[in-house]
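Bear in mind these aren't lab numbers, they're just calculated from the coordinates by the rules spelled out. Bear in mind the structure is a predicted one, so any value in this text is a computation, not a measurement. So basically every Cβ, Gly included, is an ideal-geometry build from the backbone, and we count neighbours across all protein chains shown.
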Amino acid sequence: MGTRFLPYGQEEKQDRSNIEEIKKEYSKVDHDWLLLHYQISFALVVFAMLCECAAGVILFHYDLISISVQRYVYKYVVLPSAANLAFIVLETVVIRSEKISQIKKIYTVSLTYVAISFVLYTVHCVFPAMYYTFAGAIMLTIIYARYRVTVVTAVVGIVCFVFSEFFTEWDPDKVNALSDSSRMGNVLTALFVLLAFSAVCMVTIRFEKERNQISIQNSVERYQLWESVRTDDMTGIFNRKALHNAFKDMEDSTEEKVYILAVVDIDHFKQINDCWGHRVGDNVLVSFAEVLRENCGPSTPFRYGGDEFCLLFCDVSMTEAVNTCKKIQAMLDQMPFPGHPELKLTASFGLAPYSLHMDAVRLFLNADYALYEAKKKRDSIHVYEQSSDHSGRFFE
């Protein structure tokens, strides 16, 4: 994975947003399952209507039903299908709305499935096994891994089942559970199954949430590991490996972009180590990297090694790049070192433009040659420019 050419502050924000993107990928699963949940409810309505039509044909063919065809079609096909299709229309409006949050859509689809189950059970309650439609409504909420969604769906489903069983009279062949012990046994069994099913779903959600959390954590850790590979341990800015990746992206890019490389060297850094010790030298490197990070403007800073750093500019003019370097020099001139008031830090810059006919090695060498000229004066900036006879020229 290559390094993105962003100013360093933006790069840090991008890093944080990348971690958030990892988490958002998991929320997309909810959205995909929501669409499938909606499609399942639609398929259930269509399937129930087709089954009712097929059952009517069989019942009338073998003379197993006493009501008229018109009444059967009206009571068992038209009205239930119309009610369920109305629920589907409601779902469709909610699903397609951009103003309704995803969690509200989840509740709508889940409870609409319960409503469809209520209609089917009320119409066909002579078949005790129809209560499984409520169990299906509960089960389909597991993927969301939200306790409240499953609890609400389960409670509403059980209430609808009880209401349909004891307070509706749609099918004349229905046996009242209060006056028939066998029917009451079926109702109690159904209630027990629905309650047990709900409990199992809650336990499943618990483990689903734990697995999702572990998966998210693993993804974040993998990303952080990749970040650590391209970050300098001491200074916290990008390291040489990241610079090489940036060079590779630059060479592989097919876009018309302007690149400028600045090689930066801390003046008299060896004397700092000799006079104040390596601990102070390390503090100087960290402080210098912080100045680069906060003032690098439209560039990305890298620590190449030792006291040598690089700035890679993208789509800026040479004048802008030089001004950024001057700003860094000005900040260094004002930077205090507590306990060492006599310590003054300066830096030299060598800049070189990139062109399509050269590779990254040549770009670095050109910038390094410019740095060599800058180091002759110290605290200066030199720009490398290719002359017509292919020799280098330097501009301060």
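Please compute the length gained on full extension between VAL73 and LYS241, using 0.36 nm multiplied by the number of residues separating them and subtracting their Cα-Cα distance.
Numbers: separation 168, 0.36 × 168 = 60.48 nm, distance 7.43 nm.
Gain on extension, VAL73 to LYS241, equals 53.0 nm.
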Using Cα atoms only, what is the angle between the long axis of helix 240-252 and the major principal axis of the chain, expressed in degrees (0 to 90) to the nearest 10? 80
Take the alpha carbon gyration tensor of segment 39-188, find the square roots of its eigenvalues, order them as a ≥ b ≥ c, and report rounded if a/c is under 1.5; if not, report prolate when a/b exceeds b/c, else oblate. oblate
Per the helix-only calculation at 222 nm, which mean residue ellipticity applies to the chain, given -39500 (n - 2.57) for every DSSP H run of n ≥ 4 and division by its residues, nearest 500 deg cm²/dmol? -22000 deg cm²/dmol
Taking a straight Cα-to-Cα line shorter than 16 Å from LYS248, and setting aside same-chain aspartates and glutamates fewer than 8 residues away, one finds GLU256, ASP359
Could you put TYR369, TYR113 in order, starting from the residue whose Cβ has the fewest other Cβ atoms within 10 Å? TYR369, TYR113
Gyration tensor verdict on segment 212-253 (Cα atoms; rounded if a/c is under 1.5, prolate if a/b is larger than b/c, oblate otherwise): oblate
In segment 8-224, lysine pairs closer than 30 Å at Cα, eight or more apart or cross-chain: 21
Calculating mean projected area of the Cα convex hull in nm² from this structure picks out, from (i) 20.9; (ii) 30.2; (iii) 26.1, entry (ii)
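How about segment 133-212: which GluC sites (Glu not before Pro) there lie in a loop by DSSP and see at most 13 other Cβ atoms within 10 Å? Show your work: numbers first, answer last.
Details: sites: GLU165, GLU169, GLU208, GLU210; in loops: GLU169.
Answer in residue order: GLU169.
What FRET efficiency, computed as 1/(1 + (r/R0)^6) with R0 = 56 Å and r the Cβ-Cβ distance, is obtained for SER253 and LEU85, rounded to the nearest 0.05? Can you show the working numbers first?
Working: r = 54 Å, r/R0 = 0.97.
My answer for the efficiency is 0.55.
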So how much slack lies between VAL94 and PHE127, counting 0.36 nm per residue of separation and subtracting their Cα-Cα distance, in nm? 8.6 nm
Nearest 10 degrees, 0 to 90: what angle lies between the long axis of helix 278-295 and the longest principal axis of the chain (Cα atoms)? 60
Within segment 74-101, find all residues whose amide N lies under 16 Å from a label point positioned 7 Å from the Cα of VAL152 along Cα-to-beta-carbon. 91, 94-95, 100-101
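Ranked highest first by average number of other Cβ atoms within 10 Å, how do 89-95, 43-49 line up? Walk me through the numbers on the way to the answer.
Values: 89-95: 14.3, 43-49: 15.9.
By packing density, highest mean first, the sequence is 43-49, 89-95.
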Given C-alpha coordinates of segment 240-395, what is the ratio Rg to Rh with the Kirkwood estimate of Rh? 0.98
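Please give the peptides 355-365, 56-66, 121-131 ranked by average Cβ packing (other Cβ atoms within 10 Å per residue), highest first, as a rough proxy for protection. Mind dumping the intermediate values first?
On the way: 355-365: 13.7, 56-66: 11.4, 121-131: 18.5.
Answer by packing, highest mean first, reads 121-131, 355-365, 56-66.
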So if R0 is 41 Å, what FRET efficiency would PHE47 and TYR223 give, r being the distance between their Cβ atoms, rounded to the nearest 0.05? 0.40
Springs between alpha-carbon pairs under 10 angstrom, Gaussian network model over the chain: which of ASN295, ASN239, ASN283 fluctuates most? ASN283
Looking only at lysines whose Cα falls under 27 Å of LYS377's and that sit 8 or more positions away or on another chain, we get LYS270, LYS326, LYS327, LYS344
Note the angle between two axes, namely the Cα long axis of helix 8-61 and the longest principal axis of the Cα atoms of the chain, as a number of degrees from 0 to 90, rounded to the nearest 10. 20
Give the percent of DSSP beta bridges with both residues in the chain that are antiparallel, rounded to the nearest 5. 85
Zone of ALA55's modelled label, taken as backbone nitrogen in segment 115-145 under 12 Å from a point 7 Å along Cα→Cβ: 120-131
